[in-house]
1. Gaussian network model of the chain, Cα springs within a sub-10 Å range: biggest mean-square fluctuation belongs to which of R87, R34, R123?
2. What accessible surface, in Å², does a 1.4 Å probe find on D134, ignoring ligands, DNA and RNA and rounding to the nearest 10?
3. Dipole of the range 1-135 (Lys/Arg Cβ +1, Asp/Glu Cβ -1, origin at the Cα centre): which of T59, A108, A39 lies farthest to the positive side?
4. Want the number for R33 to D166: 0.36 nm per residue separation, take away the alpha-carbon distance, what's left?
5. Rounded, prolate or oblate: which one fits the chain, using the alpha carbon gyration tensor with axes a ≥ b ≥ c (rounded when a/c is under 1.5, else prolate when a/b beats b/c, else oblate)?
6. Around R188, which amide H atoms from residues at least 5 apart in sequence, or from another chain, sit under 5 Å from its own amide H, with H modelled in the peptide plane?
7. R0 = 30 Å: FRET efficiency of T2 with R54, Cβ-based, nearest 0.05?
8. Just to make sure I understand: if all protein chains stay in place, what is the order of E174, E75, E58 by accessible area at 1.4 Å, largest first?
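The values are calculated or read from the model by the stated rules, or taken from the named source; none is laboratory data. Being a predicted model, the structure only gives us computed values, none of them experimental. Note that we place each Cβ from the backbone using ideal geometry, even for glycine, and neighbour counts take in every protein chain shown. Please note that ligands, DNA and RNA were not included when accessible areas were found on the heavy atoms of the full protein model with its side chains. Shrake-Rupley method; radii C 1.70, N 1.55, O 1.52, S 1.80 Å.
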Amino acid sequence: MTVRVMLVSPATSEELREARFGGDGPLDEAGARRARAAAGAVARVDRFLSGPSRRCRETAAELGAAAPPAEVLGELGDWDMGRWRGRRLDEVGVSEPEAVSAWLSDPAAAPHGGESLLALCERVGGWLRSLPDDAGRVLAVVEPAVTRAAVVHALSLPAEAFWRLDVAPLTLTELSGRAERWNLRCGRRLGADSG
């Protein structure tokens, strides 16, 4: 049986606009409004999930207003950025340029003390592998890094491809298939302007 995994990136927040590592702030008003408007664009699902960040949970609540609350899964959490959490990329780039360079160029590096890119891809890949063949349609509201890691894993891409994938707020990335054989449909914008 084919599994359909629909990954939705959360709506906008102040921390997203500031390019902060792993912030856990709320959606901004515009983001909440867009998520409410997108609620009708999400298909019926067999399982509704959310990453643990506040912005994922709030987006899930807006998208699923007429559905049971999303189940929050820790394995769908954002990339653990260790001591960089909450800091802006430009700040870290100035204070720790060598560390940022290592982080961007070596998938096994974790100069921040959190997860390496390889560890993130393995964690998210483990979740994909754990889905049973009869999982049906799974919708998960997850941070962009989780979506990017899922695509890298599903398509057996080199970890470095992670840096070439962009995930805009409130977009849908679909994986269909089953463990180790996935197809990709990416980037459909949700909401009134999704045409």
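1. Comparing R87, R34, R123 in the GNM, the peak value goes to R87.
2. The accessible area of D134 comes to roughly 110 Å².
3. A39
4. 45.6 nm
5. oblate
6. L172
7. FRET efficiency, T2 to R54: 0.40.
8. So the residues, ranked largest to smallest area, are E75, E58, E174.
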